[in-house]
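**Student:** Could you have a look at this structure, given as structure tokens, before my questions?
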Amino acid sequence: MSPMSKIVRTITKFVYSIIIIFGFYIIVHGHLTPGGGFQGGAVTASAFALLLVSYGSLASKKFVKKDFLSFLESSGLTLFIALAFLGLGTTFFYNLLANSGGWFGNVSSVGINPGDMNTGGVVPLMNMAVGLEVLSGLGVILLVMAGAMEFTKKKENL
Amino acid sequence: MKTKKIIFGIAFLLFFSLILVSAFQMRPFGEPVLSEMDDYFIANAQQETGTNNVVTSIVFDYRGFDTLGEATVLFTAICAIIALFRGVSK
């Protein structure tokens, strides 16, 4: 793909980091505010899509490499299943850490309240695992399809 | 050709009228027939899982198996896409 005009590229340079931060905010606050792993991961992947459309390729961004994102995707799903197995003493998917006092273990107050970050037990950790999987998976799809498009264009011009 | 169109028209009218009848017989919004489960979630989800967001507590705690299936579906789809474009993208 050819890069878009200079106006679009300049705006993208300012905006894409803010979109990534907003996506991570949705992932991390999944147990307090609307949203969660799937939604925040999709928002973060949309920043990758914006970069891809405006610059024409993701080669200039060193942190979005296909192999690295593929590794992140697999590790996200593995972490999710491992957290599910963590509660196997009682049942599969038992919330072991909730109300235990340790990691994410504070007791949440009942009713309408502003919310405490350190509550929720296993739920925020699972949100992070699923968010990692979704953002890297959608990033991998973008990278692979963009590479295939380059290949097709090169072959048509021969 | 013409009889086919007539049969199709009659079937469409029948189907559409049935949909209209059932739409006017629907229960009013916010009054489900069975509400024990909803009441349980609203009353106990905050105490049991410690999450303010009750929807997330259902998705990741009470019905975690469903989310595991969703994540696996996404993973499989991405694996299929990588396998499909394996030869053409470096």
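The values are calculated or read from the model by the stated rules, or taken from the named source; none is laboratory data. In this text the structure is predicted, and so the values were computed from the model without any measurement. Using ideal geometry, Cβ is built from the backbone for each residue, glycine included, and neighbour counts are taken over all protein chains shown. Remember, those area values only see protein heavy atoms, side chains included, never the ligands or the DNA or RNA. Shrake-Rupley method; radii C 1.70, N 1.55, O 1.52, S 1.80 Å.
**Student:** Can you pull out every residue in the range A:105-139 that is of a type outside the set (S, T, N, Q), more than 7 Å from chain B (Cβ to nearest Cβ) and in a helix (DSSP H, G or I)?
**Tutor:** A:V122, A:P124, A:L125, A:M128, A:A129, A:G131, A:L132, A:L135, A:L138, A:G139
**Student:** Same structure, new question: Yes or no: A:N99 within 7 Å of another protein chain (Cβ to nearest Cβ), free of Cβ contacts under 8 Å to residues at least 24 places away in the same chain and not in a helix (DSSP H, G or I)?
**Tutor:** Yes.
**Student:** Sticking with this one: Working only within the range A:24-34, note down all residues that are at the interface with chain B (Cβ under 8 Å from one of its Cβ atoms) and crowded, with 22+ Cβ neighbours inside 10 Å.
**Tutor:** Of everything in the range A:24-34, those that are at the interface with chain B (Cβ under 8 Å from one of its Cβ atoms) and crowded, with 22+ Cβ neighbours inside 10 Å turn out to be A:G30, A:H31.
**Student:** Please pick out the residue among B:G50, B:G64 that is open to solvent by less than 50 Å² (accessible area, probe 1.4 Å) and at positive phi.
**Tutor:** The match here is B:G50.
**Student:** Check whether at least one residue in the range A:16-39 is among the polar types (S, T, N, Q) and in a helix (DSSP H, G or I), and report yes or no.
**Tutor:** yes
**Student:** Something else: Return the pair list, or none, for Cβ contacts closer than 8 Å from residues in the range B:28-46 that are without any contact (Cβ under 8 Å) to a residue 40 or more places away in the chain to residues that are acidic (D, E) and open to solvent by less than 100 Å² (accessible area, probe 1.4 Å), at least 6 apart or on different chains.
**Tutor:** Note: pairs meeting the criteria are B:P32/B:D38.
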